[in-house]
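Worksheet: the structure to be examined is printed underneath.
The values are calculated or read from the model by the stated rules, or taken from the named source; none is laboratory data. Quantities reported herein were computed from a predicted structural model and do not represent experimental measurements. Don't worry about glycine lacking a Cβ; one is built from the backbone with ideal geometry, like all the others, and counts go over all protein chains shown.
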């Protein structure tokens, strides 16, 4: 079977673990060259080695996308080193939960910077290259896939600012979709429910205990399940756009 992304280039933020790592692996299997962006270079190097040993092509770009100049630089490096940019997957994110009264304002700022501003910075830098790819690329279409959350559809106690950032991702994605649709740059948002990744580990032990109690023994999604959803979106025919995809564990209410 022909690799469906052969000849294309994808940039994935937050590629050092979880959904980002799984997405990079899946897209490389489909034939895409992948630019791996994240803050943990050692993990990016390990992932790149796995991809190249399987016959793929990977570019390691350690960066913090909450810095607008750094986000622009990784996009430029991707185009310079890999020749083009067809797909941007904005996956980098942070989930710090807890009551809003008395919260640490630095934690709020970190979530806004990573979940929302980093996504916007990378998108701003990538759009001209994506428009060019949709015009002259092998598939005549380009993609932006933003990783949102179930918390971006329904707000929950203890997640006020996290939900605010993910609602923002949804709004930004829909407005941008309308602006770019006629240029065949598709903008999609994937909204996972509970996924078994490192995202929860950034919280205090008390919050982690609350999360465990809330979800009980349900079988959570795995990172590869969301990577599969991203892969589905970007491999649709040119005339098909999946604007929004909500993925929950079967048992999650």
query: Only one residue in 11, 94 is touching a helix residue (DSSP H, G or I) at 6+ places or on another chain (Cβ under 9 Å), touching a residue at least 60 places away in the same chain (Cβ under 8 Å) and within 21 Å of residue 134 (Cα to Cα), so which one is that?
result: 11
query: Of the residues in the stretch 71-102, how many are more than 17 Å from the chain's Cα centre (by Cα) and not in a loop (DSSP other than H, G, I, E, B)?
result: 7
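Could you identify the single residue in 59, 85 that is crowded, with 23+ Cβ neighbours inside 10 Å, touching a strand residue (DSSP E or B) at 6+ places or on another chain (Cβ under 8 Å), farther than 30 Å from residue 159 by Cβ and in contact (Cβ under 8 Å) with a residue 24 or more places away in the chain?
Working: 59 fails: crowded, with 23+ Cβ neighbours inside 10 Å.
That would be 85, the only listed residue that is crowded, with 23+ Cβ neighbours inside 10 Å, touching a strand residue (DSSP E or B) at 6+ places or on another chain (Cβ under 8 Å), farther than 30 Å from residue 159 by Cβ and in contact (Cβ under 8 Å) with a residue 24 or more places away in the chain.
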Counted residues, the stretch 26-52 - those being buried (at least 17 other Cβ atoms within 10 Å of the Cβ) and over 18 Å from the mean Cα position of the chain (by Cα): 1
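Residues to consider are 163, 154; find the one that is touching a helix residue (DSSP H, G or I) at 6+ places or on another chain (Cβ under 7 Å), without any contact (Cβ under 8 Å) to a residue 40 or more places away in the chain and either in a loop (DSSP other than H, G, I, E, B) or farther than 23 Å from residue 71 by Cβ (or both).
Numbers: 154 fails: touching a helix residue (DSSP H, G or I) at 6+ places or on another chain (Cβ under 7 Å).
None of the others qualify; the one that does is 163.
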- request: Would you please name the residue that is farthest from the chain's Cα centre (by Cα), looking only at residues in the stretch 16-25 that are within 13 Å of residue 58 (Cβ to Cβ) and in a helix (DSSP H, G or I)?
  value: 25
- prompt: If we scan the stretch 231-240, do we find a residue that is touching a helix residue (DSSP H, G or I) at 6+ places or on another chain (Cβ under 9 Å), in a strand (DSSP E or B), modelled with pLDDT of 95 or more and at negative phi?
  reply: no
- line: Taking the stretch 105-151 and keeping residues within 23 Å of residue 21 (Cβ to Cβ) and out of contact with any helix residue (DSSP H, G or I) (no Cβ under 9 Å at 6 or more places or on another chain) leaves 110, 113
message: Filter the stretch 25-50 down to the residues that are within 14 Å of residue 235 (Cα to Cα) and out of contact with any helix residue (DSSP H, G or I) (no Cβ under 6 Å at 6 or more places or on another chain) and list them by number.
response: 27, 29, 30, 31, 32
- prompt: Within the set of pairs 6+ apart or on separate chains, which have a first residue in the stretch 101-127 that is farther than 22 Å from residue 62 by Cα, a second that is part of a loop (DSSP other than H, G, I, E, B), and C-beta atoms under 6 Å apart?
  reply: 107/96
